[in-house]
Structure formats: C-alpha cells, structure tokens
1. Between K93 and E60, how high is the FRET efficiency from 1/(1 + (r/R0)^6) when r is the Cβ-Cβ distance and R₀ = 35 Å? Nearest 0.05.
2. What is the stretch 118-207 by shape, rounded, prolate or oblate, if you read a ≥ b ≥ c off the alpha carbon gyration tensor as root eigenvalues and call it rounded for a/c under 1.5, prolate for a/b larger than b/c, and oblate otherwise?
3. Among the listed pairs K93/K136; K7/K96; K93/K131; K93/K161, give every one whose C-alpha distance is greater than 30 Å.
4. What is the extension gain from S22 to Q79, computed as 0.36 nm multiplied by their sequence separation minus the C-alpha to C-alpha distance, in nm to one decimal?
5. Name the residues whose placed amide hydrogens come within less than 5 Å of the amide hydrogen of M139, ignoring near sequence neighbours (fewer than 5 apart) on the same chain.
6. Report the antiparallel proportion of the DSSP beta bridges in the stretch 2-204 as a percent, rounded to a multiple of 5.
7. Quickly estimate the mean residue ellipticity at 222 nm for the chain, helices only: each DSSP H run with n ≥ 4 gives -39500 (n - 2.57), and the total goes over all residues, rounded to 500.
8. Using 0.36 nm per residue, how much length does the chain from D108 to R52 gain when fully extended, once their Cα-Cα distance is taken away?
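Any read-out appearing in this document is the output of simple, stated calculations on the displayed coordinates, not a laboratory observation. Bear in mind the structure is a predicted one, so any value in this text is a computation, not a measurement. Don't worry about glycine lacking a Cβ; one is built from the backbone with ideal geometry, like all the others, and counts go over all protein chains shown.
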Amino acid sequence: MISLTIKKCKIDIIPIVKGLVSEAEVIRSAYGGYEAYAVALGIEEIMALIDRERLIEDHELSELDMVYAHRLAAFGEVQSPTPAFCELIDLCKKDKIDVIPLDMSNNDFTTVFINNVKATEFVKEHRMAKKGMKRKFDMSSPSSFVIAWDAYINKVKGYAKVSRVREKYIAEQLTDIAKYRGSLLAVIEVERINNVLEYVKTITNVE
C-alpha cells in the first residue's frame, strides 16, 4: 500500500495486478474505515461490474488480453473482470457506498484513443499477441511481469500516449477528491502507479 496526504486528505493506494484472483484478498484486508473509496475505472465500467453477470456473458477478451491472462496464470488463478476491482465494488455495494471513478468515461476514452492511436498501430495487435506468447518477461513476481508486459505494449507509441493521458487523468481525480474528503482508499493497476504519483507531485507539489 502507498500512502500520501493531499491537503487534509489521507490517501491510501493499493496497486493491484489486473486479473489475479488472489488480489481480492488484499482488498478485503484493507477495506473499512475510509470516508471514500475509488477505483481506476470509468463510471460505465463500475456500473457494469455492479451488474456483472450480464457483463461476463457478453464480454470478449482481445488477443492481447488472452495472452496476458495466459502468461499471468503462472502466478495463480486468473479471472476477468478483475477480481480486485470486483471485490471493492461488492464491498461498497454491501455498505451502500458509491465507488468513485478515477478513470475517464467511455466516450472520453474513445476520443483519446482515436486521437492518439493510428490505424496502422491498432492492426499490430495480432502480431504483438503472437510475439507476447514467446517473449521473455521478468517473471520474478506478478507485479514485475505486469510492468514488463505494459512496457512491451507501450512500445507502440499510440498506446503509450493513451496510458499517459489515463495516468494524468487519474492523478487529477485523486487531487480533486482530496478537496472534499478526509480519507480515501484507491485501487489502481500496479503498472500505472509510478506515473500517477509523478503527476500528483506535479499538480500538488507533494513530496
């Protein structure tokens, strides 16, 4: 867990590995005692996870997602949607607490994606997925693998630009929440954490 204070708000951030079932226990252990809870998802994604039985039936994984899940399975059971996100949403739902979205809406994300990812880059996904099955990654821990996988994906410049926009947006949401909350537990993908924190520092001058 990473802790920081912005203004008078104490923020604890849990960096999670997307897909890994064991990460749900981390959320259960940390939950409780916070004024607010937030997750690195858009509002539509949060609403979909609240009603995720339908999502599971309709959701199709991309080739890259399937390769990611296959490689991540070296560390334990993998599920989609991400168990850590689902756990936080379920706990908050039980306590009648609204989960705050840290990420962009679907429409905003689509605009960012279209503006930054070229068609020629998008069509590389199949080739990247095939190479990702054989590529050597740092498998010393789940976090190490995920960070290495993210670096591999972000070798495509358009995808890297989208990641930076997301990270800045999440940082802006954290600093905005700090204006009107006393404490916050935020759940964010481990591969986004370092850049999010750097953006927070730039926005707030927090050391």
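1. On the way: r = 25 Å, r/R0 = 0.72.
That gives a FRET efficiency of 0.90.
2. Values: a/c = 3.06, a/b = 1.85, b/c = 1.66.
It comes out prolate by the Cα gyration axes.
3. Working: K93/K136 40 Å; K7/K96 27 Å; K93/K131 40 Å; K93/K161 34 Å.
Beyond 30 Å between Cα atoms: K93/K136; K93/K131; K93/K161.
4. Details: separation 57, 0.36 × 57 = 20.52 nm, distance 1.01 nm.
Once the chain is fully extended between S22 and Q79, it gains 19.5 nm.
5. none
6. Numbers: 6 of 19 bridges.
Here the share of antiparallel DSSP bridges comes out near 30 percent.
7. Values: 11 runs with 118 residues, N = 207.
Result for the chain, helices only: -17000 deg cm²/dmol.
8. Values: separation 56, 0.36 × 56 = 20.16 nm, distance 2.21 nm.
Here the answer is 17.9 nm.
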